[in-house]
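The next block holds one structure in the form of structure tokens; read it before the comments.
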Amino acid sequence: MADISQEIDQLRNAVYGEEVRGAFISCMQKIHEENESYNSIKESINQSVTTMQEQVESINTKSEEVKAALQNLTTAIANGKDQQDAIEKATAAGKTQQTAIEKATSESKTQQTAIEKATETSKTQQTALQKVVDSAKQIDSAIQQSVTAANTAANNASAATKSATEATSLANQSAEAAKTATTNANDATEKTNAAVKNASDTTEQAAQATSAANAATENANQATVAAKSATQEALTQAEEAKQAAASVRDDCYPMMFRNYDGRTYSVFFEDADETMVCTGTKEDDNADVATPVPSTNAVRNENPYDEIPLFKPVECNGYADEGGELHITAVKGEPEFRTDGTKGDVCIALKTGYVRTIIDTVGIMGPLGKKGTKISVTDSWRESEYPGFPFIPYTAAIRPDGSVRPYVLIPKYQAVNFNSSYYSLPGFAPAYNVSHNGQITTFRKRGDQYCGETCSDAEIWETLFMIVFANMNSQAVMVGCTGFADQYMAAVAEENVERIILTKKQAEYFPIGCCVSIGEMGSSTNKDRGQSYMHNLANRVKVTKIEALDDDSGNYALYVDNGGVTFNTSTTTCISTMPWHTGSTDKVKGTCGSPYSNTNGKEPFKFLGIEFALGQYVVRSDVILNGVYDAEADTYQQEIYTCYDCKYFATAINEHYKKLGYVIPDSGNAWKYIKNLGFDVNFPHIRMASEYGGDSNKRFGDAVHTGTRANGTRGFLSLGSLGDWSLAGLRFAVLYGWLGGGGWYFSARPSLTGRRGSVVDWALSMGVNLAA
């Protein structure tokens, strides 16, 4: 990546415009050279692509050879099958001839047996004749009988001879038939041998074709391996080029925040003992900047602060690495920008500011010459014209080593459940049941560098809000969703719907786009939103439209987006308002404002592009309060402990937590409005109630509740829930809950600046004296 550290140093130390121009030109030249390197890599990639194309063509050629070989193999197999059929037919014919031979042989054996029998008979007759002749010689009177017997024997002999002749003829015929059968069998055998030879030849051809196919396949495999290797090499080069480009972007994005104007934007609030008004006076360079009017979805009002670098938000994707360093991965408007979590959280990037707080309790002889508090912010560090009151960087911008980041990343949205953790993304029902202790575990699934919202994050919007609007009371400008807690029963029962019927007045209570839950209560009378049945028909869904029914009832139908899942309603069905979805202010024109009304108490708002007040408390992660009750004196107060590095956040106070130099007074187990805020120069980002007084229209206009008097640790809940009304605001604080407590109205906001160094670390590195 381009080494532009020297140019960055030149930019930091530049005094004259020409020095800035020269450093910037040098920086761009280096980036240009880096781009040239990138073009070289790109050319190499193109060559690799050409090589890959040639290899692919080779693969295609080999594939054609394989196809041809496979076709030959198919033809050979077909011929083999034909030869096999011929062999089977010849074998069948041979078997038929064999049967004929066996039959002829059997007949021949039968005739032979007849011949042997006739011959035996002839021998017997011959013996008898010989006896007759002998008897004739001896007995003359028996001659005639002997002659007769001889004639008879002769006839028998002739018959036997004839039978023998016939048998011989039959035997000859059988032998001829056997010969013919043998000839046929020999022919069949020759044909069989020929068929076998042909089959053997075909098999040899098939084997050759198979061998050719295997060779072609091997060549194709080798070509594929080569192509894969070339592809991988190209991908590696592309990834290296991508990383190089990302590295250049990592160097260039901070340059967006290097345009210093050196101006000081201040606001002065009179001392509370002089006046309890919530408004102040813009001073220094801020005096010439008009106070903006918040916008809506329909109307864009002018906001001159959008053109001042220190106040100009940059919507982007970003993340924090393990060391806590911030990285911007894409800026809105670039094709890489995403809101689906694939490029990290959706954040607002702000130029690092340096804040100076001067509290003058003396007046004429004091540092300001008048009693009150002056808060100033500038875009670069410099010596303060008020000795002992230094400019201090946003604590969110201080790195663990004490150096200062050029910008900070503030998650734009409240936390949503995503990828087993909490992220800043639009379009979700916000996370709920969040506790101080629980969110430590949940955020650490993303890494030790992530945590919930910190007082360092809040310091930025709390400070800039007072400077922009010259007002300590945020609800005097934008109320937020803090008075939107109504619940109504269905007026009419329906089946298979995604709506609920209400009276006209009830339906008009709900702004389009707000979030509701619909539940069938049955016989229950408890409408606590923490009950599961309050969400059993439609759970935290958006209102899509409201329209009058086509009847004489005067009722209205309120439709919700339940994802196409219909439900039945009855007169025991209840609809409840719920915290708005994240991203509900995205259609507001400009960087601050609410969807329809900034003052009706039903809607969230955004400031500096950051979305606030959806209707839930946001749990602060870096503060643990320690309640101290003195029974003898019957007094109670809360000590404030904080930890700078989220890597060491814990469920109890440990050695990494430091105690602030002021305490929060007892509110008497009731709500009390803030009159003054405490201040510790070592922890300037944590400004909590140090004195009570006034009401919702005076001073800060926000309330604090410290709970019952009891020793033990407590958590810090900010902003306000659906029904806190005028108690709520940017300085609002619920300080009585235990660290493991949660509920449907407990949420979170991710923080990317949890790994921080302390103000003391920064002051030591700069040689700044923090003590007044």
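Before moving on, here are some points about what is shown:
- R0 of 25 Å, Cβ-Cβ distance T342-E240: FRET efficiency to nearest 0.05: 0.70
- Residue order, fewest to most surrounding Cβ atoms within 10 angstrom, among V293, V346, V565: V565, V293, V346
- Among K606, K228, sorting on how many other beta-carbon atoms sit within 10 Å of each Cβ, with the fewest leading, yields K228, K606.
- Ranked list, fewest to most other Cβ atoms within 10 Å of each Cβ, for H581, H685, H656, H705: H656, H705, H581, H685
- If R0 is 22 Å, the Cβ-Cβ spacing of W381 and N682 corresponds to a FRET efficiency of close to 0.80.
- Segments 687-696, 555-564, 523-532 sorted - mean Cβ within 10 Å per residue, highest first: 687-696, 555-564, 523-532
- Available extension along the chain between E270 and V293 is 5.9 nm, counting 0.36 nm per residue and deducting the alpha carbon span.
- Full extension of the segment from R444 to N419, taken as 0.36 nm per residue of separation minus the current Cα-Cα distance, would add 7.8 nm.
- Cα coordinate range in segment 487-578, projected on the principal axes (Å, largest first): 34, 26, 23
- Placing a pseudo-label 7 Å from each Cα along the Cα-to-Cβ vector at N600 and E218 gives an inter-label distance of 7.9 nm.
- Using a simple spin-label model with pseudo-atoms 7 Å out from Cα toward Cβ, S523 and K370 lie 6.9 nm apart.
- Zone residues, segment 509-526, relative to L549, backbone N less than 16 Å from point 7 Å out along Cα-to-Cβ: none
- A Förster radius of 41 Å combined with the Cβ-Cβ distance from K658 to T281 puts the calculated FRET efficiency at roughly 0.75.
- The stretch between S690 and T572, if pulled fully straight at 0.36 nm per residue, gains 37.7 nm over its current Cα-Cα span.
- Simple label model, 7 Å out from Cα along Cβ direction - A476 to L764, nm: 4.1 nm
Just so you know, all these numbers are worked out from the coordinates, no wet-lab data involved. Remember, it's a predicted structure, so these values are computed and weren't measured experimentally. Cβ: placed from backbone, ideal geometry, glycine included. Neighbour counts: every protein chain shown.
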